[in-house]
Amino acid sequence: MTESPTNKPGNGDVCQRVRNGLKPERNGLLKTLYCCHERQPKHQYHPEEEEEEEEANAEPCHGGLYRRPFIESFEETPMLVAVLTYMGYGILTIFGYLRDFLRHWKIERCHIAREKEEQKDFVPLYQDFENFYTRNLYMRIRDNWNRPLCSVPGAKMDLMERTSLDYNWTFEYTGRVVHDVINLGSYNYLGFAENTGPCADSAAELTVKYGVGVASTRQEIGNLDRHEELEKLVAEFLGVDSAMAFGMGFATNSMNIPALSGKGCLILSDELNHASLVLGARLSGSIIRVFKHNNMQSLEKLLREAIVYGQPRTHRPWKKILIVVEGIYSMEGSIVRLPEVVALKKHYQAYLYLDEAHSIGALGPRGRGVVDYFGLDPRDVDVMMGTFTKSFGAAGGYIAGKRELIEYLRSHSHSAVYATSMSPPVVEQIITSMKCIMGKDGTTIGLERVQQLAENTVYFRKKLQEMGFIIYGNEDSPVIPMMLYMPAKIGAFGREMLKRNIGVVGVGFPATPIIESRARFCISAAHTKEMLDRALSVISEVGDLLQLKYSRHRIQPSLVRPFDDNVYEEIDD
Amino acid sequence: MASGQQWVLVEMVQAFCEAPAYHLILEGILILWIIRLLFSKTYKLHETYRLTEKEKEDLIEEWQPEPLVPPVSKDHPSLNYDVVTGPPSHNIIINGKECINFASFNFLGLLDNERVKQKALASLKKYGVGTCGPRGFYGTFDVHLELESRLSKFMKTEEAIIYSYGFATIASAIPAYSKRGDIIFVDEAACFAIQKGLQASRSFIKYFKHNDMEDLERLLKEQEQEDQKNPRKARVTRKFIVVEGLYINTADICPLPELVKLKYKYKVRIFLEESMSFGVLGEHGRGVTEHFGVNIDDIDLISANMENAVASIGGFCCGRSFVIDHQRLSGQGYCFSASLPPMLAAAAIEALSIMEEDPDIFTVLREKCKHVHKALQGTPGLKLVGVPLAPALHLQLEKSSGSRDSDMQLLRSIIDYCIDRNVALTLARYLEKEERFLPQPSIRVVVTVEQTDEDIQKAVSCIRDAASALIK
């Protein structure tokens, strides 16, 4: 359901993602799992050659573009599980049709809100099939989402207990509170979602002084001194010339990409990019082409073709090419192969738009995001975008880059002209938390949190792998998707975990490919070792109960040893 | 049946044997020819034009992209923002000068209301600032549920849904319902958020002249005739009218009763954007439906932001559950975005309470609006645009110099003159290249309940002085 990378293709040529997830080269990574082959940027640019080079280079090397091993795994779906999952969907669909039939003949009570009598002869607002999935599949497990909180979304949270007497069509609140649920769902990477401490205090102070609203736009009369201060700080934090902040992360993408790209421009977008990036690209009126997730060959092929053949039909050269990628992909837990993207971008003179929604604060030795993680120069990324929602425990987003870029946005961003500017207490929360990460508050709390998060992530991932779960993504990504495959297991897993006082997020179609339903854990620096251990033992217990330990190579090679093709040959039996 | 087929076969074999050799050869050649035609490539242009690697490299080498952004001149009018130090409330410090605020949309003066601040603080103490997640993934708080139910109660609708950003509200709501192939009739003066919503929906857009019901009816009739030609397509083509309650660009009110009549006559749904009218029009501040006494159930969807009268952040949509519930899975700005910080939701709840407890506030606002509207009539060289009830009016130049830039400069000098004399005003800003129908340059004059008669007197005389001094 929510927060999905939109798989919908844009206009223009599209590389569709392989839907069944059975193909090992699903995102062009498996063959190159070790991923740290040394490549000379000069003669990298011949896809045919490249393949040979990779095979020749089977030994991992820790030099080249990557500072450290780039280990990212996407274990193949076991065949039996895939078949069973499809069967599960089949059965659900048959029952769905049966119940729709019963509802149609009024044998089964229909809970869906109905159109007003006077408007029955209007063109129906929804096509009947549009809501088939919602009505018959999502509704059965709806209790796993939108669980209301009544506390800070910190390492532990309090949930309002709710029950449903009509199989999730409506919920009733019992008035009781489920206390101290371990929170593995919120994007509270650095644990700045707090109601005490310096951030909350400064936000409170600002509330008293400024109030919560602004009631005007940046360009009119809503440009507060606090906004300017925040922007200077963000630029300093990221190590770029200047920055601009916006009130909503989603809108930062969807309202600024149209300012940067337009007719006659080409946007190359990763197939798993977030909906906001897809919307922004669409609103820009540019041609959109989609490359396979994190697949550099696919990206390079598109780049070459684009420059060589120019615009469709007219064959005029493109005005500019914008590559749009994310730092951490929130559904896959993968990290963008930024060094290679930057090399490609430089060689082909394209521009790079990097969305660090999940990675800013959460990656890199200094918490400066994916650029810091790879030790690159932030000036090589043309547009650095990120959100304040996650690591900073606030709301909104930013765009940072060269001075000219920001000057242009200040005068042409949709957001600056038409949208109300950021709420002052929210701004203050960001300023305080960012200063903490930078160590400007005179403590090392921020840096310790960044390190704690990295430790927690590695620990949690390692333990899950050892238990035999299939988990996706990069070993350093604090977003950890754990495969459940079957849609019914999303519901069962979520409920069983909540029974044991652990809150997790389940994700299914359409946010993921149809058979790749998964649970997703977001690790926080605020999680203590006890909490993680408790969570792990519960996950193991529920995993045994629901038979979730799918992995076919349970005895993990030690983390330094690279994966190679052999691992996948073993499981083909 | 079987015998008939056999007979045909026998006859064929006989004919084959009897045929002369040259005939068979000719037929054979013809068959081969057909096969060749079928399997040969129809064009080989591609191969001859295929580029060699070298040529490709050259092309890549040659290609020069445009810069990512064009350079902005240092004195671009919208590059250097006015800086507000301290809260943007009734008294505002703009560029270091303390002024009376005639520019923020803080109509009800709730921005620095002590009760609102206290509630926000209490919420901050309980929940912290951010929600760290979208509504689906532990981003729903009890405060959000309370705000939604309070809003639906306030508006007397079945359901309400909140967004974390005012702009994203209508811009997400429209594409949740209207898809490719559907038709949207929209007023020319519609605000930018609506325009973006229309663009995202990829529907077929028909603009009608501002507040011109005859023009709208003409378009609807045209469409009706079109539909009769192709009834199968018409059965699945949804039709919507999108209007604003109180237009931000023109400061006038939409003729809602006529729109409702047209709705039922032509079976079109109405989406109403009330960002300017919510908390302003109507006896209890319910907006344009209350103003006209229109049954709110006749409007399919009402959207408004909570950034003007409510003086918080975010927006909401309300209407019947049948319509609104759909956005919980299809409203992009709702499901893919982090939810509204609880303290901002708590502030909005308290603002609603104040509005419910004291509906006189709306009468006061109306009186002030009328007062300002009357007082600003006949300003030399400036034309007042807007109805007497509108709290955000526009002052345009009576005679344009012909160039937009110089008009803007002239208006800006009037504003600077006023700011120097402690009256804060602002230019209405637009993206000139992006607007579908670009409004005339204007000065925004915003009326709030906090402005006293003296303040208004001062502002009006200030504007008059500036106009007579600066406009030739």
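Below are the figures for this structure:
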item: Number of positions in the stretch A:300-342 that are among the β-branched types (Val, Ile, Thr) and surrounded by fewer than 20 Cβ atoms within 10 Å (Cβ to Cβ); result: 2
item: Selection within the stretch B:420-472 - among the basic types (Lys, Arg) and within 14 Å of chain A (Cβ to nearest Cβ); result: B:ARG429, B:LYS433, B:ARG436, B:ARG444
item: Residue in the stretch A:392-403 that is away from chain B (no Cβ under 11 Å), over 17 Å from B:PRO67 (Cβ atoms) and of a type outside the set (Gly, Ala, Ser) present; result: yes
item: Of residues in the stretch A:274-299 being of a type in the set (S, T, N, Q) and crowded, with 24+ Cβ neighbours inside 10 Å, the one nearest to the chain's Cα centre (by Cα); result: A:SER276
item: Selection count where residues are more than 14 Å from every other protein chain (Cβ to nearest Cβ) and either in a loop (DSSP other than H, G, I, E, B) or closer than 19 Å to A:ILE287 by Cβ (or both), scope the stretch A:300-328; result: 5
item: Spans of helices (runs of 4 or more DSSP H) in the stretch B:199-286 with at least 2 residues touching a residue at least 24 places away in the same chain (Cβ under 8 Å) and out of contact with any strand residue (DSSP E or B) (no Cβ under 6 Å at 6 or more places or on another chain); result: B:213-229, B:256-266
item: A:CYS199, sole failed condition from (1) surrounded by fewer than 17 Cβ atoms within 10 Å (Cβ to Cβ); (2) not in a loop (DSSP other than H, G, I, E, B); result: (1)
item: Any hit, the stretch A:146-157, residues being more than 10 Å from every other protein chain (Cβ to nearest Cβ), touching a residue at least 12 places away in the same chain (Cβ under 8 Å) and not in a helix (DSSP H, G or I); result: yes
item: Those residues of the stretch B:74-91 which are part of a strand (DSSP E or B), under 20 Å from B:ALA459 (Cβ atoms) and within 7 Å of chain A (Cβ to nearest Cβ), in sequence order; result: B:VAL84
item: Residues being of a type in the set (S, T, N, Q), closer than 22 Å to A:GLU332 by Cα and in contact with a Phe, Trp or Tyr (Cβ under 7 Å, 6 or more places away or on another chain) - total across the stretch A:243-280; result: 1
item: Hits in the stretch B:287-321 (condition: among the acidic types (Asp, Glu) and either assigned to a strand (DSSP E or B) or within 23 Å of B:ARG115 (Cα to Cα) (or both)); result: B:GLU307
item: Every residue from the stretch B:115-124 that is surrounded by 24 or more Cβ atoms within 10 Å (Cβ to Cβ) and more than 8 Å from every other protein chain (Cβ to nearest Cβ); result: B:SER123
item: Members of the stretch B:173-202 that are at the interface with chain A (Cβ under 9 Å from one of its Cβ atoms), more than 18 Å from A:VAL123 (Cα to Cα) and of a type outside the set (Lys, Arg); result: B:CYS191, B:PHE192, B:ALA193, B:GLN199, B:ALA200
item: Pairs where the first residue, in the stretch B:318-336, is more than 7 Å from chain A (Cβ to nearest Cβ) and surrounded by 24 or more Cβ atoms within 10 Å (Cβ to Cβ) and the second is of a type in the set (Ser, Thr, Tyr) and in a loop (DSSP other than H, G, I, E, B), C-beta under 9 Å, 6+ apart; result: B:CYS318/B:THR157; B:GLY319/B:THR157; B:ILE324/B:THR157; B:TYR334/A:THR2; B:TYR334/B:SER164
item: Whichever residue in the stretch B:150-163 is part of a helix (DSSP H, G or I) and among the basic types (Lys, Arg) and, among such residues, is surrounded by the most Cβ atoms within 10 Å (Cβ to Cβ); result: B:ARG150
item: Number of positions in the stretch B:61-84 that are crowded, with 16+ Cβ neighbours inside 10 Å and modelled with pLDDT of 90 or more; result: 7
item: Filter result for B:ARG412 (assigned to a helix (DSSP H, G or I) and among the basic types (Lys, Arg)); result: yes
item: Given (1) exposed (fewer than 10 other Cβ atoms within 10 Å of the Cβ); (2) more than 9 Å from every other protein chain (Cβ to nearest Cβ); (3) within 30 Å of A:ILE307 (Cβ to Cβ), index of the condition B:ALA21 fails; result: (3)
item: Hits in the stretch A:158-194 (condition: surrounded by 16 or more Cβ atoms within 10 Å (Cβ to Cβ) and away from every other protein chain (no Cβ under 12 Å)); result: A:ASN168, A:VAL178
item: Test set (1) crowded, with 22+ Cβ neighbours inside 10 Å; (2) more than 9 Å from chain B (Cβ to nearest Cβ); (3) among the small types (Gly, Ala, Ser) - A:GLY249 fails condition number; result: (2)
item: Among the candidates A:VAL208, A:VAL214, A:VAL240, A:VAL177, residue that is in a loop (DSSP other than H, G, I, E, B) and farther than 22 Å from A:ALA362 by Cβ; result: A:VAL214
item: Residue that is at the interface with another protein chain (Cβ under 7 Å from one of its Cβ atoms) and out of contact with any helix residue (DSSP H, G or I) (no Cβ under 7 Å at 6 or more places or on another chain), where the choices are A:ASN223, A:ASN273, A:ASN294; result: A:ASN223
item: Extreme residue, nearest to the chain's Cα centre (by Cα), among residues of the stretch B:125-149 that are touching a residue at least 24 places away in the same chain (Cβ under 8 Å), facing another protein chain (nearest Cβ under 7 Å) and surrounded by fewer than 24 Cβ atoms within 10 Å (Cβ to Cβ); result: B:THR140
item: Selection within the stretch A:79-135 - within 14 Å of another protein chain (Cβ to nearest Cβ), in contact with a Leu (Cβ under 8 Å, 6 or more places away or on another chain) and part of a helix (DSSP H, G or I); result: A:THR134
item: Candidate set: the stretch A:286-338, residues that are basic (Lys, Arg) and touching a residue at least 12 places away in the same chain (Cβ under 8 Å); chosen: the one nearest to B:LYS56 (Cα to Cα); result: A:ARG304
item: One residue from A:GLU448, A:GLU428 being charged (D, E, K, R) and away from chain B (no Cβ under 14 Å); result: A:GLU448
item: Meets criteria (in contact with a Lys or Arg (Cβ under 9 Å, 6 or more places away or on another chain), more than 20 Å from B:PHE322 (Cβ to Cβ) and not hydroxyl-bearing (Ser, Thr, Tyr)) for B:LEU281; result: yes
item: Test result for B:THR426, surrounded by 21 or more Cβ atoms within 10 Å (Cβ to Cβ), over 19 Å from B:ALA189 (Cβ atoms) and not hydrophobic (A, V, I, L, M, F, W, C); result: yes
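The values are calculated or read from the model by the stated rules, or taken from the named source; none is laboratory data. Computed from a predicted structure; not experimentally measured. For neighbour counting, all protein chains shown are included, and Cβ atoms are generated from backbone atoms with ideal geometry for every residue, glycine included.
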